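The values are calculated or read from the model by the stated rules, or taken from the named source; none is laboratory data. Just so it is clear, the model here is predicted, and its values are computed rather than measured. We place every Cβ from the backbone using ideal geometry, glycine too, and count neighbours over all the protein chains shown. Protein only, heavy atoms only, side chains kept; ligands, DNA and RNA dropped before computing areas. Shrake-Rupley method; radii C 1.70, N 1.55, O 1.52, S 1.80 Å.
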Amino acid sequence: MTVKQFFKSTAFKSLAVLLSIVIIAGALLAIFNDLLFVSEKERLERSLKKIYGDDTKYEDIILGPQDEKVTLDGHTVNQAYLMSDGNYLIQSTGNNAYANGSITVWTIFDCTGSKKGNNLKWNGIGKVVYESNDKQSYIGRFTEKDYKQFAEHNADLIAGKLFGDGIDVVKTGASAPFTFTALTAAVNTAVTYFKQTIVGVSTEPDLYKHQNWIKLDESEIVPNAAEKTVTYALKMKANAIAPVITVNITVKEGKIESYSLEGDYVVDYDPSMVVPSLSGGSFFVGKDLAALEGLLNEKGNTTSDILKDNGLYPNVELPYTGATYSASTIIRAAVFALENYATALYPVVHDEWLKEAPSVSVDDATVTYALKMKANAIAPVITVNITVKEGKIESYSLEGDYVVDYDPSMVVPSLSGGSFFVGKDLAALEGLLNEKGNTTSDILKDNGLYPNVELPYTGATYSASTIIRAAVFALENYNSYLAKGGTQA
């Protein structure tokens, strides 16, 4: 076939038609893409219209659509704005919903005053508005009542409680437990972000690892250092459709000695879906933390496959995953008890004296500390290095200045140089600090630690107090860090 014949052929004509269609379709697609494109700004304005029902605008962007999302406990804060009415608007997403999906909502935080005026006051949640979801087939079951209840507990919110953790909220009408749990998480995430980032409420560091799994205020943790046991009565938080579960555990020398549940551990499911070795606790008895490794995924839950691999899945064919959320809670309790055994048995005390977390290393019976002590009245921040061996201070030294605007000699060399502490145990330091954690001129004089001069004032008692505090902290927490193996700041 010649070139001329090819251009006259049916094949060429068909190819030309297809090529024309592709070009025209591409052009139309580009045109419609431009016509239908919705910018982030337009999308926000539409959301504001839906939320407020008027032309309320934002005054300041705290976290914009282009900014990196803030992740808190596995959920996210996506956007945050200061509105023209003085309130704050935050968009957040709760994950771990049905089919591992999510739900996204907007929360209005009702405020008076302003940060600029240094008189910002949070009055609670004004409104929660649905935005979108991923994979939530039961989202149609949600009504205005479900969202409205989050604005009906403001006194408890301001007091520091959260939904599902001190404040009970329940899905109205037809059930959708996984989605409602994610909704609750989304609102809690917005509340936590608002308090930390906008109001500036400092969040106390958790006392225990995985503390978010338990209702700490309703749990009991009782150590017995003499017998090396810790007894737990843990009130485990609801986990998706798994209810609040009370678990009693005793750990001795790093292994579970006893494990039992109280009351129901499943809701609307056959309890036999949790195998007896889990629900009865026999699976955990005699095990240490290493033996439970891999039973929970990075989200703190188990799965059907994990249970099957460990012989913990019901020996029946189930049309669903089984009571994996209840099983997860049961396993969480054991992991919590074992992972916090050393902390509970030997709790760290006097950490309020420290400016930041200490750097602590352990080598056999020797514990070495690098402590940054808080400023104490007119005494500055002081860095102290201490080594404790077999319950007695082996070395003690200061770094840098330990007084400000005072003559350093007002602190006697045996304190500032550390020789006073070497060879001493905790009992030897008893009485050097009063109930407020400070020393006094009289205490220093009684212990030969006061400058041998007549001073027109009390001397550098605040600096002396900080120096003594460091020694007391190191000695009183020696067994704790020895048991835990230290910790790096």
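Listing for the model above:
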{"item": "Subset of region 395-420 (residues that are modelled with pLDDT under 90 and either among the aromatic types (Phe, Trp, Tyr) or not in a loop (DSSP other than H, G, I, E, B) (or both))", "result": "TYR406, PRO408, SER409, MET410"}
{"item": "All positions within region 411-442 that are under 19 Å from ILE378 (Cβ atoms) and open to solvent by less than 40 Å² (accessible area, probe 1.4 Å)", "result": "VAL411, VAL412, LEU415, SER416, LEU433, GLY437, ASN438, THR439, SER441"}
{"item": "Residue within region 206-215 that is open to solvent by less than 50 Å² (accessible area, probe 1.4 Å), within 30 Å of LEU345 (Cβ to Cβ) and part of a helix (DSSP H, G or I) present", "result": "yes"}
{"item": "Residue in region 191-203 that is polar (S, T, N, Q), crowded, with 17+ Cβ neighbours inside 10 Å and within 30 Å of LEU120 (Cβ to Cβ) present", "result": "yes"}
{"item": "Output for region 91-137, where each listed residue is farther than 21 Å from GLY74 by Cβ and surrounded by 16 or more Cβ atoms within 10 Å (Cβ to Cβ)", "result": "ILE108, PHE109, ASP110, CYS111, LEU120, TRP122, GLY124, ILE125, GLY126, LYS127, VAL129"}
{"item": "Region 345-355, residues that are in a helix (DSSP H, G or I), surrounded by fewer than 20 Cβ atoms within 10 Å (Cβ to Cβ) and not acidic (Asp, Glu)", "result": "TRP353"}
{"item": "Pick from region 363-387, criterion out of contact with any helix residue (DSSP H, G or I) (no Cβ under 6 Å at 6 or more places or on another chain) and among the hydrophobic types (A, V, I, L, M, F, W, C), ranking: surrounded by the fewest Cβ atoms within 10 Å (Cβ to Cβ)", "result": "ALA365"}
{"item": "Residue match in region 267-275 (condition: modelled with pLDDT of 90 or more, farther than 16 Å from ALA240 by Cα, open to solvent by less than 40 Å² (accessible area, probe 1.4 Å) and within 27 Å of the chain's Cα centre (by Cα))", "result": "no"}
{"item": "So ALA174, is it aliphatic (A, V, I, L, M) and assigned to a loop (DSSP other than H, G, I, E, B)", "result": "yes"}
{"item": "Residue check for ASP146: open to solvent by 50 Å² or more (accessible area, probe 1.4 Å) and either under 24 Å from ASN87 (Cβ atoms) or under 24 Å from the mean Cα position of the chain (by Cα) (or both)", "result": "no"}
{"item": "Residue match in region 53-62 (condition: in a helix (DSSP H, G or I) and either loosely packed, with under 15 Cβ neighbours inside 10 Å or modelled with pLDDT of 90 or more (or both))", "result": "no"}
{"item": "The one condition in (1) under 18 Å from HIS210 (Cα atoms); (2) in contact (Cβ under 8 Å) with a residue 24 or more places away in the chain that LEU312 fails to fulfil", "result": "(1)"}
{"item": "Pick from region 242-261, criterion open to solvent by 40 Å² or more (accessible area, probe 1.4 Å) and at pLDDT below 95, ranking: farthest from VAL230 (Cα to Cα)", "result": "VAL244"}
{"item": "Residues (over 17 Å from ARG332 (Cβ atoms) and either of a type in the set (Ser, Thr, Tyr) or in a helix (DSSP H, G or I) (or both)) located in region 262-303", "result": "TYR269, PRO271, SER272, MET273, PRO276, SER282"}
{"item": "Selection count where residues are of a type in the set (A, V, I, L, M), under 20 Å from ALA225 (Cα atoms) and in a strand (DSSP E or B), scope region 356-377", "result": "2"}
{"item": "Exclusive hit being open to solvent by 20 Å² or more (accessible area, probe 1.4 Å) and at pLDDT below 90, set ASN310, ASN315", "result": "ASN315"}
{"item": "Counted residues, region 345-387 - those being of a type in the set (Phe, Trp, Tyr) and modelled with pLDDT of 90 or more", "result": "2"}
{"item": "Pair list, Cβ under 8 Å, 6 or more apart: region 388-399 residue closer than 19 Å to SER416 by Cβ and open to solvent by 40 Å² or more (accessible area, probe 1.4 Å), other residue part of a strand (DSSP E or B) and of a type in the set (S, T, N, Q)", "result": "GLU394/THR366; GLU394/THR387; SER395/ASN385; SER395/THR387; SER397/ASN385; GLU399/THR383; GLU399/ASN385"}
{"item": "Extreme residue, farthest from the chain's Cα centre (by Cα), among residues of region 154-171 that are without any contact (Cβ under 8 Å) to a residue 24 or more places away in the chain and not in a helix (DSSP H, G or I)", "result": "VAL170"}
{"item": "Within region 111-121, tally of residues that are touching a residue at least 40 places away in the same chain (Cβ under 8 Å) and of a type in the set (D, E, K, R)", "result": "1"}
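For (1) small (Gly, Ala, Ser); (2) touching a residue at least 40 places away in the same chain (Cβ under 8 Å); (3) open to solvent by 40 Å² or more (accessible area, probe 1.4 Å), each residue gets a yes or a no:
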residue: ASN301; (1), (2), (3): no, yes, no
residue: ASP305; (1), (2), (3): no, no, yes
residue: SER328; (1), (2), (3): yes, yes, no
residue: ILE331; (1), (2), (3): no, yes, no
residue: ASN340; (1), (2), (3): no, yes, no
residue: ALA357; (1), (2), (3): yes, yes, yes
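For (1) over 27 Å from LYS299 (Cα atoms); (2) in contact (Cβ under 8 Å) with a residue 40 or more places away in the chain; (3) of a type in the set (Phe, Trp, Tyr), each residue gets a yes or a no:
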position: LYS57; (1), (2), (3): yes, no, no
position: THR71; (1), (2), (3): no, no, no
position: HIS75; (1), (2), (3): no, yes, no
position: GLN91; (1), (2), (3): no, yes, no
position: THR107; (1), (2), (3): no, yes, no
position: ILE139; (1), (2), (3): no, yes, no
